[in-house]
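The values are calculated or read from the model by the stated rules, or taken from the named source; none is laboratory data. Since the structure is predicted, the reported quantities are computational estimates derived from the model, not experimental observations. Cβ placement follows ideal geometry from the backbone for every residue including glycine, while neighbour counts extend to all protein chains displayed. Note: areas computed on protein heavy atoms with side chains; ligands, DNA, RNA excluded. Shrake-Rupley method; radii C 1.70, N 1.55, O 1.52, S 1.80 Å.
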Amino acid sequence: MATTIVPSDLIVTITEAYTLNGVSYGNTMNKTYASNGQVSQRVMSIASEGDGGTWTDILALLTVDGQGEVVKADYKYFRITNLDTANRLNLRVYNGSDYVALGVSPASTQLFMDAGIDSPVGTGAITLADITAIAGQSRHATEAIDVEFIMVTA
């Protein structure tokens, strides 16, 4: 297949800047993910936990590209931001048999940049290479929330 897409590098820059009593603290970290050819970015609504315990599928990592699905072997970077200013986002990161639950505070972001996530005792480690699905849920009993994510793959 002929394509006009030229893979390029994703450069992630995180800057911390904090001043306490006139003393500056912080740092800038740059990380480059080389030769990427696909990006998915979306704003979407996430159902509340009061909707029958519903989890909203955000992303599936499988063996082929498809609607809401990316090739797991090509995964490089995932960032999700809770756009709600009052309600927490529950995230469920699944590897096919076990999951890790994470909370993202209002107006906060969760990054998945490298392999390795601590998981509950007895479940073993879930690495980014193991992830098969990411789902979300509003922590509020009745209010849905909005999130924005970006996913970069090779």
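Taking label positions 7 Å along the Cα-Cβ direction at both residue 105 and residue 74, the computed distance is 3.6 nm, reported to one decimal. Using 0.36 nm per residue and subtracting the Cα-Cα separation, the extra length available between residue 30 and residue 62 on full extension is 8.7 nm.
Ignoring ligands, DNA and RNA, what percent of the accessible area of the chain is carbon or sulfur (1.4 Å)?
On the way: 4530 of 8900 Å².
The nonpolar share, carbon plus sulfur, comes to 51 percent.
When peptides 26-33, 49-56 are ranked by their average number of other Cβ atoms within 10 Å per residue, the highest-first order is 49-56, 26-33.
Site pair residue 11 and residue 39 shows an inter-label distance of 1.3 nm when each label is modelled 7 Å from Cα along Cα→Cβ. Placing R0 at 35 angstrom, the Cβ-Cβ distance between residue 23 and residue 140 gives a FRET efficiency of 0.35 after rounding to 0.05.
With protein chains left intact and a 1.4 Å probe, residues in the chain average 58 Å² of accessible area per residue.
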